[in-house]
Amino acid sequence: MLKGRNLIDPMDFTTEELEEVFKTADKIIENPKDFAHVCDGKLLATLFYEPSTRTRLSFEAAMLRLGGQVLGFSQASSSSVSKGESVMDTVRTVACYADIVAMRHPKEGAPKVGAMKSDIPVINAGDGGHQHPTQTLTDLLTIRCIKGNLSNLTIGLCGDLKFGRTVHSLIKAMSRYKNNKFILISPNELKVPDYITKEVLEKNNIEYREVEKLEDVIDELDILYMTRVQRERFFNEEDYIRLKDSYILDSEKMEKAKKDMIVLHPLPRVNEIAYEVDDDPRACYFKQAKYGMYVRMALISKLLGVDK
Ligand code: CP
């Protein structure tokens, strides 16, 4: 039962509960009209303390397509946070006006703190370099719809695996499905943190390799998950400039990949996928953005208990 729950960490839901969300997303994709009024009279608050295009707008589009309405802010400076109000008090106040909250914050753990005194569901829409559970739902729904299952896959994650919160959430989530293998492709300085390799992969005996060159492994992959080097999380601009173009996926590299490999990217991209790759049928990152809206529609319906 997902009604009334929060989604703070991708592991908050069991795989069975995730499947419930995906089945609702399947129904929405097949018959969106059936869901056009399930949230009539309901309000979603989007509290975004950090910039966003996809997450905020797909949440808003999701609620509007369910018949509900949206309020909120897209930068901390336009809220009373600028006067020193705490996240906990902000969410407690917003819970007086809205039925559900989606929050993005630069500090790890902020949505969890916000949820502590909230009597409406709180969804983590990204907290610092930590987690991004609704991007994970997006990624899983995309893989499930395009590859047909979530098991027996070799998944390459490439780029900034240190600061990329979507990567951490995806590894955790895909580790729960059978026979998945990971190839972690990054410069030494941007490797996946130990709390993921040791606590998630090694503890669960999941096969993984860490490599530096994409060309050496691209032919092994079923999924290539590209990521942007996260400029906003670097302490030093020189390091960012040195590392920002470590990987650029282009048509030449795609020639070495399997014919049914898919390329995903949470977006936004900067330079890491050349525009020429967009025309390759294996480039699925814009489809992925659309699945993001459907899965958020399903999630809102489930947390509000209004799904069919
Ligand atoms: N994928 C993602 O989180 O994009 P935004 O930062 O634009 O929301």
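The values are calculated or read from the model by the stated rules, or taken from the named source; none is laboratory data. All values reported here derive from a predicted model rather than from experimental measurement. Counting neighbours? That spans all protein chains shown, and the Cβs are built from the backbone with ideal geometry, glycine included.
Based on what the data block shows, is Glu215 part of a helix (DSSP H, G or I) and either touching a strand residue (DSSP E or B) at 6+ places or on another chain (Cβ under 6 Å) or surrounded by fewer than 19 Cβ atoms within 10 Å (Cβ to Cβ) (or both)?
On the way: part of a helix (DSSP H, G or I): no; either touching a strand residue (DSSP E or B) at 6+ places or on another chain (Cβ under 6 Å) or surrounded by fewer than 19 Cβ atoms within 10 Å (Cβ to Cβ) (or both): yes.
No: the conditions fail for Glu215.
Is there a residue being among the polar types (S, T, N, Q) and out of contact with any helix residue (DSSP H, G or I) (no Cβ under 9 Å at 6 or more places or on another chain) anywhere in the range 64-71? Working first, answer last.
Going residue by residue through the range 64-71, those that are among the polar types (S, T, N, Q) are 69.
From what's left, out of contact with any helix residue (DSSP H, G or I) (no Cβ under 9 Å at 6 or more places or on another chain): none.
No, the range 64-71 contains no residue that is among the polar types (S, T, N, Q) and out of contact with any helix residue (DSSP H, G or I) (no Cβ under 9 Å at 6 or more places or on another chain).
Please go through the range 109-125 and pick out each residue that is within 17 Å of the chain's Cα centre (by Cα) and more than 14 Å from Ala98 (Cα to Cα).
Gly109, Ala110, Pro111, Lys112, Asn124, Ala125
Tally the residues that are farther than 24 Å from Val229 by Cβ, more than 17 Å from the chain's Cα centre (by Cα) and within 14 Å of the ligand (Cβ to nearest atom), restricting the search to the range 250-308.
Result for the range 250-308: 0.
Got a number for residues in the range 271-286 being surrounded by 14 or more Cβ atoms within 10 Å (Cβ to Cβ), among the hydrophobic types (A, V, I, L, M, F, W, C) and not in a strand (DSSP E or B)?
3
Could you tell me which residue of the range 37-68 is nearest to Ser301 (Cα to Cα), considering only residues that are within 15 Å of the ligand (Cβ to nearest atom) and among the aliphatic types (A, V, I, L, M)? Steps first, please.
Going through the range 37-68, the residues within 15 Å of the ligand (Cβ to nearest atom) turn out to be 46-62.
Subsequent filtering for residues that are among the aliphatic types (A, V, I, L, M) retains 47, 57, 61-62.
Values: Leu47: 19, Leu57: 17, Ala61: 13, Ala62: 10 Å.
Ranking the qualifying residues of the range 37-68, first place goes to Ala62.
Mind telling me which of the residues Lys112, Lys107 ends up being at pLDDT below 95, among the charged types (D, E, K, R) and not assigned by TED's automatic domain parsing to the domain that holds Lys162? Spell out the reasoning first.
Values: Lys112 fails: at pLDDT below 95.
The match here is Lys107.
Residue-wise test of (1) in contact with a Lys or Arg (Cβ under 6 Å, 6 or more places away or on another chain); (2) over 24 Å from Ile29 (Cα atoms); (3) buried (at least 19 other Cβ atoms within 10 Å of the Cβ); (4) of a type in the set (Gly, Ala, Ser).
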residue	(1), (2), (3), (4)
Ile123	no, no, yes, no
Asp127	no, yes, yes, no
Thr136	no, no, yes, no
Thr142	no, no, yes, no
Ile146	no, no, no, no
Gly159	no, yes, yes, yes
Phe163	yes, yes, yes, no
